[in-house]
1. As an exercise, use a Förster radius of 41 Å and the Cβ-Cβ distance of THR101 and ALA5 to find the FRET efficiency, rounded to the nearest 0.05.
2. By counting other Cβ atoms within 10 Å of each Cβ, how are MET31, MET246, MET91 ranked from fewest to most?
3. Report the gain in length on full extension from LEU129 to LEU26: 0.36 nm times residue separation, minus Cα-Cα distance, nm rounded to one decimal.
4. Taking amide hydrogens as modeled 1.01 Å from N in the peptide plane, which residues meet the under 5 Å criterion relative to MET246, leaving out close sequence neighbours?
5. Taking other Cβ within 10 Å of each residue's Cβ, how do VAL39, VAL201 sort, fewest first?
6. Which ordering of GLU132, GLU33, GLU169 is given by a fewest-first count of other beta-carbon atoms within 10 Å?
Amino acid sequence: RLLLAGKREAACAHAVGCGLWADALLLSSHMNEETWRAVMAQYAKQAHLGGAPLGTLYSLFAGCGTDIFAADADAPNDEGPEAYWEANLAMMLANPTAGDTDVILALGDRLKEGDPSTDGAIASHCCYLLAELPLEAGADARGRLSLLGLDDRSASRPLAPVEAVHATELYAFFRTLANPEFDASALPPYLLAHAYQLTDVGLLGQAAAYAHFLEAPQASADHGPSGAFTCCLRELHGRLAALGWMDAADAITVPAACSAASPHNGLG
């Protein structure tokens, strides 16, 4: 009757209220984009469980952006996006939409806020990697991604695992191949600590390769290391020079900028 009277908007609202989603979506598609998006957003929210991949995709179609996961902020972990994060991520990657990178980051942030005893850090890093985040070093706050697999929520943490350092090197190396301006400013301190580890266990050739890399000036680098970093690097150079693996005359005297490329490829 509403349609017979030409009241298309009222008919669409009635269809939404009765859960007649096929009718509502069809009617809204012949009205205007704003109405269609609003109906699609309601359909995604009401017809699919919170955090379900189809609901996520339809919300993206509706242009809900990062609000997709904010709506489920109070949901238990076994009902929210954490329960389906792999499927949600796969759904977004398989169906690219405008602004989906920000939504992938929002999913990563949501996963990172989970229980530290779970694998939330690793799950969040999967999202950050696929969003191609830089390895940023922040002076006031930690960046989202500094070392792969490392949960940086703890103020005090043990020395970074070797596997994490190598995985992060590879990420930085290949991202730099694709984009020479890739920011990997968070990586050099981990490489320096790793070089000290190599020195301590007698792998002096590998340690020297890292030291040479960290000392090499890069004209295009945006960030230079701190004074503490330079002092530690100079100390490492001295240790390796005393053992015959570095030239003492080449010791650095000024902070050297560190690039995102990795020496690990040449270390075997």
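1. E(calc), rounded to 0.05, equals 0.35.
2. Listed from fewest to most nearby Cβ atoms, that is MET31, MET91, MET246.
3. Values: separation 103, 0.36 × 103 = 37.08 nm, distance 3.77 nm.
Extra length available between LEU129 and LEU26 comes to 33.3 nm.
4. Amide H neighbours of MET246, under 5 Å, 5+ apart: ALA241.
5. VAL201, VAL39
6. Final ranking by Cβ density, sparse to dense: GLU33, GLU132, GLU169.
Just so you know, all these numbers are worked out from the coordinates, no wet-lab data involved. Owing to the predicted nature of the structure, the values given are computational and were not obtained by experimental measurement. Cβ atoms come from the backbone with ideal geometry, glycine included; neighbour counts cover every protein chain shown.
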